[in-house]
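Here is the structure we will look at.
Please treat every number below as a calculation from the coordinates, not as lab data. Not measured: the values here are computed from a predicted model. No Cβ is skipped: glycine too gets one built from the backbone with ideal geometry, and neighbour counts run over all protein chains shown.
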Amino acid sequence: MPPAVPPASELVELALACLASPDPEVRDGIGYEVFVRWLVAGRALDDAEVRRLRGRLLAQLTPGGIPPGESDAVLARSFAALVLSLVAARELAAPTWSDAEFEEQVAAAARYAGAELDLRGYLPGRGWAHAAAHTADWIKMLGRHQRLSAGQAERLAAALADLIVRRHGYSLHHGEEDRVVAALRSLIDRGALPAPALDRFLARLAEPIRAGWPSPFDPVLFAAQRNAHAVLAALFTSLSLARAAPAAAALARVRALLER
């Protein structure tokens with residue numbers, strides 16, 4: 001007879017190790033897909049096991065701080081954020097978190113968005129790192145949670161702005177703008193982001209653009225400008241296609257910014 005397959009709870013550490021692999025077939029094809037099956041497609045882990053997993057993923061985000069420079073270490077961090085989006089998706093389907101647990105997730109997502117120093121997209125031979133996109137996916141799921149307050153919504157919007165215009169020096173040209181806009185729409189569409197908070201988000205995006213052409217050339221400022229342009233264009237397009245009243249109100253504020 002074939003050997004018995006261990007229960008999912010005994011394979012969590014192995015699946016977590018796969019998330020850090022530089023081999024995209026191991027990381028995406030095994031590690032991530034296993035967690036999709038366990039957390040979204042099925043319920044192979046019980047609530048207590050998911051709680052422990054959540055703690056392990058949070059610890060994986062910033063183990064002893066994020067070192068400067070580019071390295072394969074970003075893969076474990078980025079994919080921890082992506083799997084945390086799956087944890088949040090499971091939570092949306094069957095809520096169990098306390099106010100404190102939800103706040104922990106909001107704080108962790110905002111902290112990571114402001115701390116990650118390696119925001120490369122596709123890595124030849126390594127596949128997708130995509131920390132900005134994965135963090136936006138996590139924020140999108142948190143933005144849909146029933147416990148979300150206006151203050152938390154504004155903090156998540158500020159975290160998205162961190163991904164876009166923080167002076168990290170990366171030009172986000174691997175579709176990150178669409179993932180950021182999807183996350184922002186999760187806040188806008190339900191009316192969770194008050195108009196003044198949206199204005200503050202838009203003003204932060206406009207700040208590097210208003211700085212004008214960097215002379216002498218500053219590649220870090222230029223990257224922030226291009227990122228802001230890309231997100232504003234994607235946001236304008238997305239809101240233009242929406243029908244709900246919150247989206248229409250947000251579109252008017254984006255249009256007013258662009259017409260200044």
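Ordering A15, G125, L142 by the projection of their Cα atoms onto the charge dipole of segment 1-147, which places +1 on the Cβ of Lys and Arg and -1 on the Cβ of Asp and Glu, puts L142 at the extreme positive end. Net charge near Q152, counting Lys/Arg +1 and Asp/Glu -1 over other residues with Cβ under 11 Å of its Cβ? Local charge sum for Q152: -1. Dipole magnitude for the chain: about 780 debye, using +1 per Lys or Arg Cβ and -1 per Asp or Glu Cβ, origin at the Cα centre.
Checking (1) 33, 23, 15; (2) 40, 31, 20; (3) 39, 21, 16 against the coordinates, the calculated semi-axes √(5λ) of the Cα gyration tensor in Å falls under label (1). In order along segment 154-161, phi translates into HN-Hα couplings of 5, 5, 5, 5, 5, 5, 5, 4 Hz, rounded to whole numbers, per the Karplus curve 6.51 cos²θ - 1.76 cosθ + 1.60 with θ = phi - 60° and x for Gly and Pro.
Please compute the contact order of segment 149-260 in relative form: average sequence separation of alpha-carbon pairs under 8 Å and at least six residues apart, divided by the residue count, as a percent.
On the way: 102 pairs, mean separation 41.1, N = 112.
Result for segment 149-260 is 37 percent.
How do the peptides 33-45, 176-188 rank, highest first, by the average count of neighbouring beta carbon atoms within 10 Å per residue? Please list the in-between numbers first.
Numbers: 33-45: 17.2, 176-188: 24.1.
Final packing ranking: 176-188, 33-45.
In a reduced charge model with +1 at each Lys and Arg Cβ and -1 at each Asp and Glu Cβ, segment 1-147 shows a dipole moment near 220 debye about its Cα centre.
Calculate the FRET efficiency for L258 and E103 from the Cβ-Cβ distance with a Förster distance of 22 Å, rounded to the nearest 0.05. List each step's numbers first, then the result.
Numbers: r = 34 Å, r/R0 = 1.56.
Between L258 and E103 the formula returns 0.05.
The separation of segment 166-230 from segment 135-160, counted between C-alpha centres, amounts to 16 Å. With both labels modelled 7 Å from their Cα along Cα-to-Cβ, the R243 to E10 distance reads 5.2 nm.
Specify, per residue and in Å³, the volume enclosed by the convex hull of the alpha carbon atoms belonging to segment 182-222.
Details: hull volume 2.9 nm³, N = 41.
In segment 182-222, the Cα hull volume divided by residue count equals 71 Å³.
If you take the Cα atoms of segment 149-260, find Rg, then find the Kirkwood Rh from the mean of 1/r over all pairs, what is Rg/Rh? Display every interim value, and only then the final one.
Values: Rg = 13.6 Å, Rh = 14.1 Å.
When Rh is taken as the Kirkwood radius, the ratio is 0.96.
For segment 175-186, backbone phi angles converted through the Karplus equation (6.51, -1.76, 1.60; θ = phi - 60°) give residue-by-residue couplings of x, 4, 4, 5, 5, 5, 5, 4, 5, 5, 5, 4 Hz, Gly and Pro being listed as x. Residues whose amide H comes within less than 5 Å of that of L148, counting only those at least five positions distant or on another chain, are absent (H built at 1.01 Å from N in the peptide plane). When each of the peptides 106-114, 219-227 is scored by the mean number of other C-beta atoms lying within 10 Å of its residues, the order from highest to lowest reads 106-114, 219-227.
Across segment 15-113, the mean sequence separation of Cα contacts (distance under 8 Å, 6 or more residues apart), normalised by length, yields a relative contact order of 31 percent.
The string of couplings for segment 216-222 from the Karplus curve (6.51, -1.76, 1.60, θ = phi - 60°) is x, 4, 10, x, 6, 5, 4 Hz, one whole number per residue in order, with x for Gly and Pro. Amide hydrogen proximity for L123: with H placed 1.01 Å from N in the peptide plane, the residues at 5 or more positions away or on another chain lying under 5 Å are W128, A129.
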